[in-house]
Amino acid sequence: MSRLIVISNRVSSPKPRSVEGTQGGLAVALAAALRELRGLWFGWSGEKTEAFTGQINLHREDGVTTATIDLEEQDVDEYYNGYANRTLWPLFHYRIDLAEYDRSFGAGYERVNERFAETVAPLIEPDDLIWVHDYHLIPLGQQLRQHGIRNRIGFFLHIPWPPHRLMVSMPYHQRLVRSMLAYDLIGFQTAEWLESFHHYIERELGGIVHPDGTIELGDRRVRTAAFPIGIDTGGFDAPLAATDARNAFETLRRSAEGKKVIIGVDRLDYSKGLAERFLGYRRFLEEHEDWRGRVSLLQIAPPSRGEVHTYEHIREQLDELSGRINGEFAHVDWVPIRYVNQGYPRQALSGFYRAADIGLITPLRDGMNLVAKEFVAAQDPADPGILILSRFAGAAHQLKEALLVNPYSKDEISDAIAKALDMPREERIRRWQALIDNVRREDVRAWRKAFVAALEHSTEPALPEAASA
Ligand code: ADQ
């Protein structure tokens, strides 16, 4: 059986399931895939070093080998804080107003990708399958090829792919996209991002997109497809079985004192639509006086990417906005918004989800959004809460029985909250049943199995012409 080599920007230690604690669903899923396929997980340790040495720190735990490297401060500034998070992240989330173009970012990005390639190449054996993850490492496949790697290499993009007309606003966009032709398989979260990628290939590069998703450009043929990522439902669908989850559930229910609870859980990021969400909730309080004092919003949002200044700005904006809304509506015995800048272990989150009546997940743009699926998985089947979900999250393509809203519209958010609060139990159960069926069926295991199987079969894709010849 082939070995699987997973390469991502950061590597987290694959702890045994019992102590998975704060690990995200993705880390858990990748660790499981690596365990099954005797794998290796390569990436940045998160540590900085004075001068890059390419020294690999190997660590073996629970059947998975992790191999990490340290990066120089300049690498982190230009590659991670720069090109990845100040150029690609905003552009790919349709925020060209926030995208920064700086020659040094592009150079740092290519340098670090090259450092990844030269360091990991000697670890690769001829039969290995290689799976590269996300926007930090788009050109890595090409650089691995330059190091003589002939293995099957797949790439999965966790975030949206922008529409063609936005993509071309980035300097050197062709150079970046052409580098992707070195992969054998390119995966996206949804058919929508896949379609945007196809448009770019056809309109910008003059390539051909075949009905089976194979793209053809010059002598390159690359398979492309949508592989919607799911969650590991195991940790979420019996939330009250674990002590931490039960404590979290009871703490939230007790502090709610019989009031309805709306919950939002997001990394503090402008793509998550937090300001718009607060304003939508404010509109609800304005229009529904009878609900004042009977409902509260718990927003959990741990800060991320603190070294990028737009993230300081969004933080200030949300502090100000939550304070203003609370000042406007609060009574001595009621605060409308509880805004918490802290991360919680997965089990505690599952208890919070279970204790909530509404999950309010309204990103302005999101590759998938795992929180929406975690919220669904954690509900009580006999008395489930309602998911209000942005139509611009990748998850909206699957979770159609949620109340889908335009996250830019205060009125739609307000109306959806009112509808969810008044929804009869039978309708909540009917909607939840459809949602949980999808969350269980298209879970993280199904995602990685589908991707790895497609990668295994990706050599010499059968083109329609070839098939009929
Ligand atoms: P993110 O933008 O980070 O992921 P999301 O999909 O919601 O967004 O995943 C976040 C993960 O972090 C979830 O598992 C969640 O439980 C956890 N998390 C969030 N807030 C937390 C908190 N306060 N405490 C603890 N944990 C918290 C990117 C893309 C998404 C895509 C994923 C996976 O932006 O669109 O769904 O990758 O592909």
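The values are calculated or read from the model by the stated rules, or taken from the named source; none is laboratory data. Since we're looking at a predicted model, the values are computed, not measured. In this analysis, Cβ positions are derived from the backbone assuming ideal geometry, glycine residues included, and neighbour counts consider all displayed protein chains. Heads up: the accessible areas ignore ligands, DNA and RNA and are worked out on the full protein's heavy atoms, side chains in. Shrake-Rupley method; radii C 1.70, N 1.55, O 1.52, S 1.80 Å.
Of the residues screened, H199 is not one that is closer than 15 Å to I7 by Cβ, more than 16 Å from the ligand (Cβ to nearest atom) and either open to solvent by 50 Å² or more (accessible area, probe 1.4 Å) or in contact with a Cys (Cβ under 7 Å, 6 or more places away or on another chain) (or both). With respect to the conditions (1) within 16 Å of the ligand (Cβ to nearest atom); (2) buried (at least 21 other Cβ atoms within 10 Å of the Cβ), I386 falls short on a single one, namely (1). When I124, I138 are checked against the criterion of being of a type outside the set (D, E, K, R), crowded, with 19+ Cβ neighbours inside 10 Å, under 22 Å from V452 (Cα atoms) and away from the ligand (no atom under 16 Å from the Cβ), a single residue qualifies: I124.
Residues in the range 324-346 that are within 16 Å of the ligand (Cβ to nearest atom) and open to solvent by 80 Å² or more (accessible area, probe 1.4 Å): how many?
Here is the first cut: in the range 324-346, the ones within 16 Å of the ligand (Cβ to nearest atom) are 337-346.
Among the residues that remain, those that are also open to solvent by 80 Å² or more (accessible area, probe 1.4 Å) are: 342.
Total meeting the criteria: 1.
Remark: pairs (first residue in the range 83-94, closer than 14 Å to P163 by Cβ; second residue part of a helix (DSSP H, G or I); Cβ separation under 6 Å; 6+ apart in sequence or on different chains) = H93/S271. Among the conditions (1) within 15 Å of the ligand (Cβ to nearest atom); (2) in a helix (DSSP H, G or I); (3) within 19 Å of F236 (Cβ to Cβ); (4) of a type outside the set (V, I, T), L399 misses just one, which is (2). Inspect the range 303-323 for any residue being crowded, with 17+ Cβ neighbours inside 10 Å and more than 16 Å from the ligand (Cβ to nearest atom) and give the result as yes or no. Yes, that holds for at least one residue.
Scan the range 62-101 for residues that are of a type in the set (A, V, I, L, M) and either open to solvent by 10 Å² or more (accessible area, probe 1.4 Å) or part of a loop (DSSP other than H, G, I, E, B) (or both) and jot them down.
Scanning the range 62-101 gives I96, L98, A99.
Comparison of G63, G54 shows that the only residue that is at positive phi and without any contact (Cβ under 8 Å) to a residue 60 or more places away in the chain is G63.
Looking across the range 211-239, the residues that are open to solvent by less than 10 Å² (accessible area, probe 1.4 Å) and within 16 Å of the ligand (Cβ to nearest atom) come down to I229, G230, I231, F236, P239. In the range 354-376, of all residues being hydrophobic (A, V, I, L, M, F, W, C), in a helix (DSSP H, G or I) and under 22 Å from I159 (Cα atoms), the one that is farthest from the ligand (Cβ to nearest atom) corresponds to V376.
Table: residues versus (1) assigned to a helix (DSSP H, G or I); (2) farther than 12 Å from F155 by Cβ.
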| residue | (1), (2) |
| --- | --- |
| G108 | yes, yes |
| R111 | yes, yes |
| D127 | no, yes |
| H136 | yes, no |
| G141 | yes, no |
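Answer yes or no: is there a residue in the range 371-378 that is surrounded by fewer than 24 Cβ atoms within 10 Å (Cβ to Cβ), modelled with pLDDT of 95 or more and not charged (D, E, K, R). Looking for residues that are surrounded by fewer than 24 Cβ atoms within 10 Å (Cβ to Cβ), modelled with pLDDT of 95 or more and not charged (D, E, K, R), one finds none in the range 371-378, hence no.
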